[in-house]
Every structure is written in structure tokens, then in C-alpha cells.
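Engineer: Quick one: this structure, given as C-alpha cells, is what I'll be asking you about.
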Amino acid sequence: MAVRWLVAMGQKRITKHDCAHVAALARLQLTDKELERFSVQLGELLDHVAEVESLDIADLAPTMHPFELFTPMRLDEPGEVLDSEEVLSQAPHFENGQFRVPPVLGEAL
Amino acid sequence: MIQPFGTATDIAAAVRSGQISASFVVDQHLGQIAQLEDEICAFNIVTVEQARSRANEIDAQIAAGEDPGPLAGVPVALKDNLCTRGIPTTCSSRILEGWKPPYDATVVELLHQAGAVIIGKTNMDEFAMGSSTENSAFRPTRNPHNLSRVPGGSSGGSAAAVAAGFTPIALGSDTGGSIRQPAALCGVVGVKPTYGRVSRYGLVAFASSLDQIGPFTKTVADAALVTDVIARPDGRDSTSISEPAQSTARVLHEGVAGLRVGVVAELCGEGIDSDVAARLQEAVAALEEAGAQIGQASVPAAIYGLSAYYLIAPAEASSNLARYDGVRYGLRVAANSSPAMNIATRSAGFGEEVKRRIMLGTYALSAGYYDAYYGKAQKVRTLIIQDFAQAWEEFDLLLSPTSPTTAFLLGERTADPMAMYMSDVCTVPVNLTGQTAMSVPYGCGDDGLPVGVQIMAPALGEPVMFRAAAVLEASL
């Protein structure tokens, strides 16, 4: 059978350095302990999913979506819109009808 | 667990005919919640005041001679990733704690129009990532059949709420089995409709090409009733199927005589507990007795479902969860620049499993690894779709266990992500293909805990799937 994680095809070891790089891409700051744990766990996971490497699927087209996607059209008429005050009221900081954030380019205000 | 109250079908009939009031029904269920919720922890919030005031509205409609709809006065619990205007929607995550959506999900509107009464938002694995509801940032939910066991996940709060008699109906979402697996573990009916059949507008996104909303109920007839209410085309979801849905309730009693039913060999062997396999065989025998033609089906690529799923779902999640940056909603951790604020907010606001999946997805999508992992997983997805297509040439329905085991102990799998992911082995293939499937309770395991049987049908095969579910339920 069947219901199993297939045997590891290759040891996909992830170093703490790799892990920190991926965390930076994902805008996460991980503690040293998290980095250690995740590098082991991600390595194990990738070992298991590596079973797909054994499949002869080079000629298959990738599926991004279960069904064919198309863009439904509607008449260009104004519809219901969200209440901007209600939307803004849920933001951590807002001012003058806008979301307020700390400096983006590093300059303190 | 004793079920003190009627089914949704019975409640709606009694409320519509004036035999009982919606207020009485709601108070009855709120009473049950007050009595048992401390032990079970199914809810993130119980909307007592809103539910009572909504019940009064329904009663006023009845008094005025109006018909509130097919779910008149029926309490409904919603998984806490379904947007409810003005009512906190947290996804059981610290990063969304306290956020009140400015709009209702389409399913919430449809339930409202059908006369239902929302009684609360249910606990879940954070952002629907998990199979036990232990990944909730708030607290784990317990299985009403045995408090030392998990209810399954990620929609564990919804499954437990129905099993505990808190509500006859709950909605959940199913990305890799998150409705069917908790339904099986809690002994209730759970349906994952065909992808696109139920609008995802207002469902907080996890993996957009896999997510689908569906019901938990005590009976198959109730599941059909709710499915018929929520399965509608919706212009606000570009992936919504534009054709109207065929009624499932109307064909419920048409039986299975002549239907070709295949048992999926690849999902029924090693790794499935023997008591679970035995219940499946009994279900197969019941369908045969009712006139179905039984055969063995083969979907060879189904065994690769988990691997493809655990690349595709985290990849989509890593993109979808980029929106939690501390700018527009929920948590913000202060820092002296926006990039630093984004990082501090995400690092403090996401729990461990969410971080793990974002990391896995980011890795699978990163330069140099995209083709090897994400690209390959998408091709495996194609292979699985092809193998199912071949099986559908021979069979109208396919069967497998819903979960390889009955409900496991709290804490048993939290330290080992791989062991936890195994819970989804029978359910993920259907999310990858977009087909419909449901779990129907079918007896108990050796430990006395519920076992579920999974019925799978081709896309838009809900009516025929419900016919088989009704036969199974009646055979118990």
C-alpha cells in the first residue's frame, strides 16, 4: 500500500543559515531556538515530499487551479462599497482617512 | 454525548408552523452551551445578545404571517475564519485578535436570508493550519465524546459544537480535510462541496485553490438542507461556479440501486487502523445490500497527495498571509520603521505551525527551488486529477475511510508535524482535484470513538453523493 510517506530520496538538509534566509524572505524574525527546530523540521518535511522526484512527470502540464479560470464580467455600474470609516476603524493606526505607518524609508518623523 | 434537541429540519418545521418559538430554540441551545462549554471549548465567542435579538426578529416575522425561510430559527455556529460584520473574526490567531470585519461573508448573508440564527464563532487551528485544533492561539477544543481526545481539525470547534448539541448546524472550511476529518472524529456529518460551489467571499484565505466552505450537521438530511442554502453562484468570488446548483435535498431518498461504487485501494490499506477498515467494509456491504454495484477502484497517484498538498498549500499560504503586516487590521508591534514593524508584528502574531508553513511555502517558491518543489507538486496535482478521471469512467462514487484513526489524545502529535499531517492522508486528494466529498459517521472503533466513512464524487456530484450518504445513515 499506499498510505505512507515515501522513503526519502535524498537528504534535504537545511542549515540554520538557509532557514534564516527564508525567514527574512517571509518577513519573520526567528529566535535561535526556532531556527534550530525549523531547520530540522523543514529538512524532514522536504525529505518526505522528495518522493515526487521519483515520478516521471516531466511532460505533464502543471495544475494551478482545479478548474479552468476565467474572468467573469459584469456591467460597469457602481455597486455596494465598504464603509471607509468602518474599515479604517479596524486598523492599528489611522489618520485623515488613511492608514498611518512608521517611516517606510528609514527616516524617523 | 446526548443530543437533547431536534435536527435543523425539525426545528425549522416547528418554528415555521408556530409550534415553538425561535427564542425558545435559541435559549435551549444557549443553555446547553452554558452547561458544557467550559469543558469543550468549542467557541471563541458566543454571540448571546445578537442571537436573542435575531430570534425575536424571526418570531416577529412568524407573528406577522411571514415565512423566515428554510432555516427559520435554526442556530448556526460559524468557524472563526468566516467574516461577520461587527463580530470579531480571529482565525484563532493573535494577529487578528479583536478585528471586526466591515462585511459579512456571502455564506453568512445566505444563512441569514434563510432564517438562521448565528450563535457564535468556533475555535480552529490558527488560520486553519492543523488537524487537531491544538494550534489555536487561544486554547484547544476537546472532543465531546471523550474530553482527553482531540476533536480533529482544523474546524474542530464547529465539529465539537454540533457533537455537543450546542447547535444543529455549524459551518467550517476544508482545505485538506478540515471539515471531513473533524466530522469523522466527532461523529457528525461533514461536507466539502465541489470547489467553487460555495462562495469563498468573506472566508479568510489559506490556500485559495483548495479552500471550500461546507456544513457540519447531525444528519444527512440537515447537511443537504444547508448545502442547498449555501451552494449559490456569487459574483463576488471569481472562482464561483456560475450555474445554479442541483438540489441535494430533493434527491435524498432516491437510493443507490444501480450506482457503481468503488473502494479506493490506495487509501484503504497499510496505515489505516483495522477497526476503521472494518467499519468501511460494513458500509460497503450496506451499499451493496441497497443495490449498489461494488468494485475495487484504483487511483495510483492518490498516494502522492500528501506530498503535493504539503508543498502547494504552504506555498499559497505564504502568499496569502503576506497581508498580515500590521498596517490595515489586527495586531501591530511598534517599531521605528515600517519594515521593522512588519517583521516584529508577524513574528509576535503568528503561532508556530503558521510560521512553519509560511517557511515551507516560502522555501518551495524561492529562486532555485521553485521548479524542484512547487512546479513538481503542480504536475503531481495533474497526475492525481488524471487518475481520478480514469476512476470516474468506471464508478459513480468512490469510498475510503475519512481518517486513518479515531480521535487521538490531546498532545499526542503536537511535537511531530509529520505524524499530525498523516491525519489528512485520505482527505487531501479531493482538495487537489476540486471534487466533492463528505464524511458520514459509521459506527465506532474499538475505543468506542466515532468512525467516519468518506464518500467522494466527481465535480458537481453532490446529489448522487448525498443519496449514498442517506443510505449509509439509514443502514445503521
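Engineer: If B:I343 passes every condition in (1) more than 8 Å from every other protein chain (Cβ to nearest Cβ); (2) over 30 Å from B:Q435 (Cα atoms); (3) among the β-branched types (V, I, T) but one, which one does it miss?
Structural biologist: (1)
Engineer: Shifting gears a bit: Of the residues B:L331, B:L287, B:L311, B:L306, which is outside any helix (DSSP H, G or I) and in contact with a helix residue (DSSP H, G or I) (Cβ under 7 Å, 6 or more places away or on another chain)?
Structural biologist: That would be B:L331, the only listed residue that is outside any helix (DSSP H, G or I) and in contact with a helix residue (DSSP H, G or I) (Cβ under 7 Å, 6 or more places away or on another chain).
Engineer: Can you tell me how many residues within the range B:364-402 are in a strand (DSSP E or B), of a type outside the set (G, A, S) and within 10 Å of chain A (Cβ to nearest Cβ)? Write out each step before concluding.
Structural biologist: Quick first cut of the range B:364-402, residues in a strand (DSSP E or B) only: B:397-401.
Still in the running and of a type outside the set (G, A, S): B:397-399, B:401.
Pick out the ones that are also within 10 Å of chain A (Cβ to nearest Cβ) and you get B:401.
Adding up the residues that qualify gives 1.
Engineer: Does the range B:313-321 include one or more residues that are among the hydrophobic types (A, V, I, L, M, F, W, C), without any contact (Cβ under 8 Å) to a residue 12 or more places away in the chain and within 19 Å of A:H21 (Cβ to Cβ)? I'd like the intermediate steps shown before the answer.
Structural biologist: Going residue by residue through the range B:313-321, those that are among the hydrophobic types (A, V, I, L, M, F, W, C) are B:313, B:315, B:317, B:321.
Add one more test, that the residue is without any contact (Cβ under 8 Å) to a residue 12 or more places away in the chain, and what stays is none.
No: the range B:313-321 contains no residue that is among the hydrophobic types (A, V, I, L, M, F, W, C), without any contact (Cβ under 8 Å) to a residue 12 or more places away in the chain and within 19 Å of A:H21 (Cβ to Cβ).
Engineer: Ok, one more. Tell me, please, whether a residue that is at the interface with chain B (Cβ under 9 Å from one of its Cβ atoms), of a type in the set (F, W, Y) and closer than 20 Å to B:N342 by Cβ can be found in the range A:57-72.
Structural biologist: no
Engineer: For the range B:256-273, give me each residue that is more than 14 Å from chain A (Cβ to nearest Cβ) and either crowded, with 17+ Cβ neighbours inside 10 Å or of a type in the set (K, R) (or both).
Structural biologist: The initial filter retains those residues of the range B:256-273 that are more than 14 Å from chain A (Cβ to nearest Cβ), namely B:256-262.
Scanning the range B:256-273 gives B:V256, B:L259, B:R260, B:V261, B:G262.
Engineer: Quick test for you: out of B:P102, B:P70, B:P75, pick the one residue that is modelled with pLDDT of 95 or more, surrounded by fewer than 24 Cβ atoms within 10 Å (Cβ to Cβ) and more than 14 Å from chain A (Cβ to nearest Cβ).
Structural biologist: B:P70
Engineer: Mind listing whichever residues of the range A:58-94 are under 18 Å from B:G98 (Cα atoms) and in a loop (DSSP other than H, G, I, E, B)?
Structural biologist: Those that are under 18 Å from B:G98 (Cα atoms) and in a loop (DSSP other than H, G, I, E, B): A:S89, A:Q90, A:A91, A:P92, A:H93.
Engineer: Do you know which residues across the range A:86-109 are within 9 Å of chain B (Cβ to nearest Cβ) and either of a type in the set (V, I, T) or surrounded by fewer than 11 Cβ atoms within 10 Å (Cβ to Cβ) (or both)?
Structural biologist: Residues satisfying the conditions are A:V87, A:V101, A:V104, A:L105, A:E107, A:A108.
Engineer: Considering only the range B:403-423, state which residues are away from every other protein chain (no Cβ under 11 Å), aliphatic (A, V, I, L, M) and in a loop (DSSP other than H, G, I, E, B).
Structural biologist: B:A407, B:L410
Engineer: Name the residue, out of B:A223, B:A245, that is away from chain A (no Cβ under 12 Å), surrounded by 24 or more Cβ atoms within 10 Å (Cβ to Cβ) and farther than 20 Å from B:E316 by Cβ. Break it down into steps so the answer makes sense when it comes.
Structural biologist: Values: B:A245 fails: surrounded by 24 or more Cβ atoms within 10 Å (Cβ to Cβ).
B:A223 is the lone residue from the list that is away from chain A (no Cβ under 12 Å), surrounded by 24 or more Cβ atoms within 10 Å (Cβ to Cβ) and farther than 20 Å from B:E316 by Cβ.
Engineer: So which residues in the range B:285-323 are of a type outside the set (A, V, I, L, M, F, W, C) and either crowded, with 19+ Cβ neighbours inside 10 Å or under 21 Å from the mean Cα position of the chain (by Cα) (or both)?
Structural biologist: B:Y304, B:G305, B:S307, B:Y309, B:Y310, B:P314, B:E316, B:S318, B:N320
Engineer: Tell me, yes or no, whether the range B:3-13 has at least one residue that is touching a residue at least 60 places away in the same chain (Cβ under 8 Å), part of a helix (DSSP H, G or I) and touching a strand residue (DSSP E or B) at 6+ places or on another chain (Cβ under 6 Å).
Structural biologist: Within the range B:3-13 (the criterion being touching a residue at least 60 places away in the same chain (Cβ under 8 Å), part of a helix (DSSP H, G or I) and touching a strand residue (DSSP E or B) at 6+ places or on another chain (Cβ under 6 Å)), the answer is yes, since at least one residue qualifies.
Engineer: Against the conditions (1) closer than 24 Å to B:Q454 by Cβ; (2) more than 11 Å from chain A (Cβ to nearest Cβ); (3) touching a residue at least 12 places away in the same chain (Cβ under 8 Å); (4) not hydroxyl-bearing (S, T, Y), where does B:A278 fall short? Just the number, please.
Structural biologist: (3)
Engineer: Which one of B:G361, B:G326 is surrounded by 21 or more Cβ atoms within 10 Å (Cβ to Cβ), facing chain A (nearest Cβ under 9 Å), more than 21 Å from the chain's Cα centre (by Cα) and not in a helix (DSSP H, G or I)?
Structural biologist: Just one listed residue meets the conditions, B:G326.
Engineer: From B:S318, B:S307, B:S338, grab the single residue that is at the interface with chain A (Cβ under 10 Å from one of its Cβ atoms), touching a Ser or Thr at 6+ places or on another chain (Cβ under 6 Å) and of a type in the set (S, T, N, Q).
Structural biologist: Matching residue, one of B:S318, B:S307, B:S338: B:S318.
The values are calculated or read from the model by the stated rules, or taken from the named source; none is laboratory data. This is a predicted model, so every value here is computed, not measured. With ideal geometry, Cβ positions are generated from the backbone for all residues, glycine too; neighbour counts draw on all protein chains shown.
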